[in-house]
Each structure stands twice: as structure tokens, then as C-alpha cells.
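Chemist: Take this structure first; my questions come after.
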Ligand code: UFG
């Protein structure tokens, strides 16, 4: 297939590109490089442009024929979205609408969309399945849910086939160690823990130790970035036989507290990894764990990285030799 990967130079997008190439697909990356890295996609055609630039999109689709689009472009920091919601709605919603209209004009009828656990807000169940109510508590989650709604309407009106994949906590890196997570500023737990192991960063902080969890710190479901990429490949197959707009929650179905992650990172790295407790971070739910059953049943998706150590080990390989 010929696949357009929007946001392909970013963390999850670049792992997707590698997976697609590995399966013999033809790839074009479209990325504004706001958080992505040219070096992450040095071996594929890269079109630098922004989804908010209609002319850039027109040029992108002109003269190229795509069988499917994967859409990873988004602003994705919860705290920033609370402070500057306009930026999030414009980028994540209006940008996606531009992409969808360009796809419509170019008669591209398959889309895999990067959604998030943040569409659920505060969970009302131990394991979050696809029937769990969606009730986002920040503009980031709301912007993704709005797009999911647009996709449902587009499926009905135009016959667009879509799969929205709601990632829980994407983590790890390709075991080759040459692509990985590189954000500035870095807000995610595992990169911050590993930077601390390397003596980088300003000192690790654990945000809140008074949650109603086993050790008082937040519980998350960490899922390997290559497993996420595999789910996208499965989504392409899934759309072959099915019309409509579909959504899947992607996680390992296992929760780890922040302290358990630090402990696992100590085992993997052999470093002491010091930290301090800090106040709770705004907008953090206490526990977020996916059911993941629907993806297993309908996408035949089974995460290969099912231990937190194996996920951290691949992230550690990357962080020790960061190339960008
Ligand atoms: N944490 C720390 N110290 C850090 C970084 C994080 O204690 O330096 C804690 C957080 O407070 C949280 C946990 O580690 O309890 C995980 O935090 P991350 O920032 O790594 O991930 P989030 O769970 O906040 O984010 C994920 C996705 C978002 C999604 C969000 C939904 O990355 O896209 O879940 O709540 F919006």
C-alpha cells in the first residue's frame, strides 16, 4: 500500500514508518517538524508542511495516490492544553478537518487516527473498555474526542473508513536504539526517569503520593511504541472488510505506579535513580488502565512487550545514545 503518514517524524509516527517499510509499504511523511525530527525519517520522502496550510495540503495530494492515511499530528500536552485551549482546538481539530477534506477531494477513503485515553476523563471502572463513557477533563482529550465525532459523521456521510486508536501511555523505543522519544520540554515519566539515571535533567519529581493507590502514586498502563505500530497495521487490514468509524483502546491491561516504574528502571539500568515528591500535577487521574480486549478480539492484536522491564530496556538503549 501507499501510505501517507502525517506526523511521521514524531515519536510514535517514526516507529510507524519503520514498521510500514518493514512490511513493504510505500511511505510518504508529512510533518511540520514542530516536535518531530528529520533524522527520525531520513530514509523516506519527507514533505515539510502544516495541516493548517491548505496550499501545502493541496500540493501534498496533487499527483500522488494514497491508499490510506495515518494521522499522528497533534499537540498532546494536557497541562498546555488547559492553559492555551485555542491552540489545541485549532491544531488538533481544524488541522484534522483540513486533512479530511483533502482526503475527500483526493478520494482517499481510509484513515487510522491517533486518539488517546484522555477522551475518557476520570475512569469509572478498573479497566477502561470502549463502552466506558467518554468525558474528557481537559482540552487535549476534548479535541481528540471531537475528531472521533467528526469521523463518525464522515463515515455516514461520505463512506470514509476510520479506526481511532486510543493510546494509553506510549513508551519504549525501537530495540535498534536509533529512534526514540525526544521532546523538549520532556514531560513523560519514563524519559524523565531515564534522564535522571543518566544524571541529566533537573532532578526527578514524583507528582503526588496521596492518591488512593497501592503506594499513593498514579497508576498507568504503559504500552510499547512498536506494539502501537503493530495495531495500526492491523487497523489497515480491519478496514479492508469493514465500513464505518471504529475505536479501540490500546494498552497492556496492566497498571504500574510511578514508584514501580522507578523501581523497574533501577533494575534495568543498575543506577540508583533519586527523586523527590512534589505536589499533584493538574489534570492527572489516579488510575488509567485499558481493557484492551476489543483490540485483541477484533484486531488480533497482542502486545509483544508485556513487561514493564522490557519496555524500559528499549527506552534505555535509546536514551543512552540519543541521536536527536
Ligand atoms: N510523572 C511524574 N514525574 C514526571 C512525569 C510524570 O511523577 O516527571 C507522573 C505523572 O504525574 C503521571 C505518570 O507519571 O502520574 C505518567 O505521566 P506521563 O506524563 O508519562 O503520562 P500521562 O499519563 O500524563 O499521559 C498520558 C498520555 C497523554 C494522555 C494522558 C491522559 O501521554 O497523551 O495520558 O491522562 F493525555
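Chemist: Once the Cα gyration tensor of segment 15-67 is found, what semi-axes does its equivalent ellipsoid get, as square roots of 5 times the eigenvalues, in whole Å, sorted largest first? Don't skip to the answer; put the middle values down first.
Modeler: Details: eigenvalues 77, 48, 11 Å².
Semi-axes from the Cα gyration tensor: 20, 15, 8 Å.
Chemist: I've got another one for you. Compute log10 of I(q)/I(0) for segment 21-116 with the Debye formula, placing one identical point scatterer on every Cα and leaving out solvent, at q = 0.25 Å⁻¹, to two decimals.
Modeler: Debye output, listed in q order: -1.53.
Chemist: Helix 11-22 versus the longest principal axis of the chain: what is the Cα-based angle in degrees, 0 to 90, to the nearest 10?
Modeler: Tilt relative to the chain: about 60 degrees.
Chemist: Taking every eigenvalue of the Cα gyration tensor of segment 34-188, multiplying by 5 and rooting it, what semi-axes result, largest first, whole Å?
Modeler: Values: eigenvalues 124, 95, 50 Å².
With the √(5λ) rule applied to segment 34-188, the semi-axes are 25, 22, 16 Å.
Chemist: I need to check one value: relative contact order of segment 237-324, counting alpha carbon pairs closer than 8 Å and at least 6 residues apart, in percent. Working shown, then result.
Modeler: Details: 49 pairs, mean separation 38.4, N = 88.
Relative contact order, segment 237-324: 44 percent.
Chemist: Rounded to two decimals, what is the ratio between the C-alpha radius of gyration of the chain and 2.2 N^0.38 Å?
Modeler: On the way: Rg = 18.9 Å, N = 324, 2.2 N^0.38 = 19.8 Å.
Here the answer is 0.95, to two decimals.
Chemist: Can you work out the FRET efficiency for the pair residue 277 and residue 322, with r the C-beta to C-beta distance and R0 = 35 Å, to the nearest 0.05?
Modeler: Taking R0 as 35 Å, the efficiency between residue 277 and residue 322 is 0.80.
Chemist: Given the peptides 217-227, 297-307, 6-16, 241-251, arrange them by the average over their residues of other C-beta atoms within 10 Å, most packed first.
Modeler: 6-16, 217-227, 241-251, 297-307
Chemist: While we're here: Less than 20 Å from a label point 7 Å out along the Cα-to-Cβ axis of residue 183: which backbone N atoms in segment 52-81 qualify, by residue?
Modeler: Inside the label zone: 71-81.
Chemist: Can I ask one more? At 0.36 nm per residue, and after removing the present C-alpha to C-alpha distance, how many nm does the segment from residue 176 to residue 302 gain when stretched out fully?
Modeler: 43.3 nm
Chemist: To continue, here is another question. Please give the per residue volume of the convex hull enclosing the alpha carbon atoms of segment 258-310, rounded to a whole number of Å³. All intermediate terms of the calculation are to be shown ahead of the outcome.
Modeler: Values: hull volume 5.3 nm³, N = 53.
Cα convex hull per residue, to the nearest whole number: 100 Å³.
Chemist: To continue, here is another question. Could you work out how much longer the chain between residue 34 and residue 149 gets when fully extended? Use 0.36 nm per residue separation minus the Cα distance between them, nm to one decimal.
Modeler: Using 0.36 nm per residue and subtracting the Cα-Cα distance, I get 38.8 nm.
Chemist: Share of antiparallel DSSP beta bridges in the chain, in percent to the nearest 5?
Modeler: 5
Chemist: Compute the helix-to-body angle for 139-158: its Cα long axis versus the longest principal axis of the chain, expressed 0 to 90° and rounded to tens.
Modeler: Once rounded, the angle reads 30 degrees.
Chemist: Beyond 17 Å, what share of the Cα-Cα pairs of segment 194-252 remains, rounded to the nearest whole percent?
Modeler: Tail fraction, whole percent: 65.
Chemist: Mind listing the Cα extents of segment 160-301 along all three principal axes, in Å, largest one first?
Modeler: Each principal axis gives a Cα extent; for segment 160-301 these are 51, 37, 26 Å.
Chemist: OK, next. How much FRET efficiency would the formula 1/(1 + (r/R0)^6) give for residue 205 and residue 129, where r is the Cβ-Cβ distance and R0 is 45 Å, rounded to 0.05? Each step should come with its number before you reach the end.
Modeler: Values: r = 32 Å, r/R0 = 0.72.
Calculated transfer efficiency: 0.90.
Here, each number is a calculation from the coordinates, and none is a lab measurement. This structure is a prediction, so every number in the text was calculated from the model and none was measured. Because the Cβ atoms are built from the backbone with ideal geometry, glycine has one as well, and the counts that use them run over all protein chains shown.
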